[in-house]
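Taking it in order: structure first as structure tokens, then the write-up.
The values are calculated or read from the model by the stated rules, or taken from the named source; none is laboratory data. Everything quoted here is computed from the prediction, not taken from an experiment. Virtual Cβ from ideal backbone geometry, glycine too; neighbours counted across all protein chains shown.
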Amino acid sequence: MNRKNPIAVILLCFAVSLMFLSACSSSADTKAEKEEAKEEDKYEKLVKEKNKELELAPIELTSYSEEIGVTLADPEYKEFAANGKVVVEGEIEKHNDLKSGYAWIKVRSKEEGPAGDQLEYYTPIEDGKFKQSMHFFNGEGEYSVKIQLPSKDQENYFYDTASFTVHNVNPNKKRDVTYTPFGRGADLEVSVDSSYTKENEVFALQGKAGQLTDSDTIMLKLKKDSETWTHVIPVKGGTFSYDVPLFYGKGVHELEVLVPDEERENYYQTATTILIDNESDRTMSPIEYSETYMERGVTLESPQYGGEETDGLYTVKGTIDRRDEFGPETDHIYIKTKKGEDEALDVIPVEDFTFDDSFYLRFGPGTYEVTLSVPEIKEENSDSFRFYGFAKFEVESTGEDKRDLLPSRGVESDHPAIEELAQKLTAGKKTDREKVKAIYDYTAKNVSYDVEKLENEDFEWDDSAMKTLDEETGVCQDYAYLAIALLRASDIEARFVEGMARGGWWPQRHAWVEAKVNGKWLTMDPTWGSGYIKDDKFVADFNEKYFDPDPAEFEKTHTRTGVAY
């Protein structure tokens, strides 16, 4: 009996399987290639048929061409058919006399399509030679092409050299990416295959600019119908990127990418243009950027557009350029939110040149105007803070109106230490009035007045309830911050009251607290309840006179001007 090696049998079967699979793959590839060739042959056949209908007369050159010694290798005819692409190639004998190093080629489609009806090429002239390959942005149809060459006498002036007509038989659409002389001078290159593209709401722009440095910027100009938005973005390591929101809904947005003009400061020139067909109906509100945005080296990463909807809590994220003059000292960002007549100011920290934090839209549902600002950098102390807006946008909130319960600037009512202390102070208290009184007592008894801070105007952006709790000293705002934080942590509505104080310690700005008890606002001033100043020193002398005082008596020394958030 003849025995066969089982391993050999398996290997043989495996080899046969591979041969079979390879044959199938080869057959599929061949079939696809044949189909592609067949398709190509179809258009080549159409080209030949169309050319038979045309006279194929030789292309004619202008008198200026003769003057500078132009010869064209391509195209040969002034009207002809093509299969999706043509090449313009020529040579200039007297190229050294020309005032520019570019040939200007203009292509116009007989009929306008989604990608427009014209496209221009600036083709470099090198050693007197120029060559440009061109596709047809609207696919099948008739196109007119004009070649212009630079003047010998005038800068930025071009003369007609030749013109021709192309009948493109291929329906495929491709809008070449073209660059102006300014774009080529910056060695600009955007990462797109076509300068007409379809996107949904956002276009991810990326590119290189080999001749630009990190001190340079690129301007973006987005247009649709009568709407226009401009924005400036940084160049880092010769590259740039930005997610461009397609603000204006469905349809074609024209995006110009502009580079700095070397001869004019703070002036930009168009480098290239991209057409972006937005498939989304959604419209968005552009962010308004001020000069401060670039002057202070800010990059806002989020949001990228206004009009977003939130449930009442909103996040902003971005960076500060560490190379900026004030970059290392920009340690916080101010956020102003405004809804109708109501306005709030929040502060978020900048750590390691980065900010990423949230803030409340505290005045209930509706449209908010949000302004982001950087602080003034100054050496002198002050009891007031100046800041400069760098971005403004709108936000739609669906959140509840909890203006007097939510944490706010200086009032960290959600901090675990505040929550723990509030629970301890109000334990066993049966009514809100008792809880409010316990918080008044604690604040007035445990915080000493900082006379030196007032006299030296040593106010800081991070003055807060937690800072007061840790240092156990402060001025009127700090007493108010701590009391309000403890009240809100106890689920009692409380607000920061601004006003003037007179006849007591000093006739100047002052702050105190109002807490809601049984549906009515109760007034308390823990600062004045803590003691008094004698010989420029604080004397601790707790009193209850400024807890729910008689309104008429209180108004003799306190004038209320408003509530701050």
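The figures follow:
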quantity	calculated
Selection within region 79-113 - in contact with an Asp or Glu (Cβ under 9 Å, 6 or more places away or on another chain), assigned to a loop (DSSP other than H, G, I, E, B) and farther than 28 Å from Lys48 by Cα	Lys94, Lys99, Ser100, Gly101
Spans of strands (runs of 3 or more DSSP E) in region 265-351 with at least 1 residues within 30 Å of Gly113 (Cβ to Cβ) and not small (Gly, Ala, Ser)	268-278
Exclusive hit being under 22 Å from Arg495 (Cβ atoms) and of a type in the set (Val, Ile, Thr), set Val475, Val451, Val395	Val475
Residue match in region 548-555 (condition: in a loop (DSSP other than H, G, I, E, B) and on the phi > 0 side of the Ramachandran plot)	yes
Positions within region 342-383 being among the small types (Gly, Ala, Ser) and closer than 17 Å to Tyr565 by Cβ, in sequence order	Ala344, Ser358, Gly364, Gly366, Ser373
Test: residue in region 536-543 that is assigned to a helix (DSSP H, G or I), touching a residue at least 12 places away in the same chain (Cβ under 8 Å) and either farther than 23 Å from Ser413 by Cβ or touching a helix residue (DSSP H, G or I) at 6+ places or on another chain (Cβ under 7 Å) (or both)	no
Residue list for region 447-473, restricted to those being out of contact with any helix residue (DSSP H, G or I) (no Cβ under 7 Å at 6 or more places or on another chain) and on the phi > 0 side of the Ramachandran plot	Glu457
Any hit, region 503-516, residues being surrounded by fewer than 18 Cβ atoms within 10 Å (Cβ to Cβ), more than 27 Å from Leu345 (Cα to Cα) and of a type outside the set (Phe, Trp, Tyr)	yes
Criterion: more than 30 Å from Lys378 (Cβ to Cβ) and assigned by TED's automatic domain parsing to the domain that holds Thr557 - qualifying residue of Arg495, Arg433	Arg433
Matching option when the condition is of a type outside the set (A, V, I, L, M), in the same structural domain as Leu372 (by TED's automatic domain parsing) and at negative phi, among Asp261, Asp346, Asp277	Asp346
Top-ranked residue of region 188-210 - restricted to ones that are loosely packed, with under 15 Cβ neighbours inside 10 Å and in contact with a Gly (Cβ under 9 Å, 6 or more places away or on another chain), ranked as nearest to His135 (Cα to Cα)	Ser191
Scan of region 526-547 for residues that are crowded, with 17+ Cβ neighbours inside 10 Å and either among the small types (Gly, Ala, Ser) or on the phi > 0 side of the Ramachandran plot (or both), ordered by number	Gly529, Ser530, Gly531
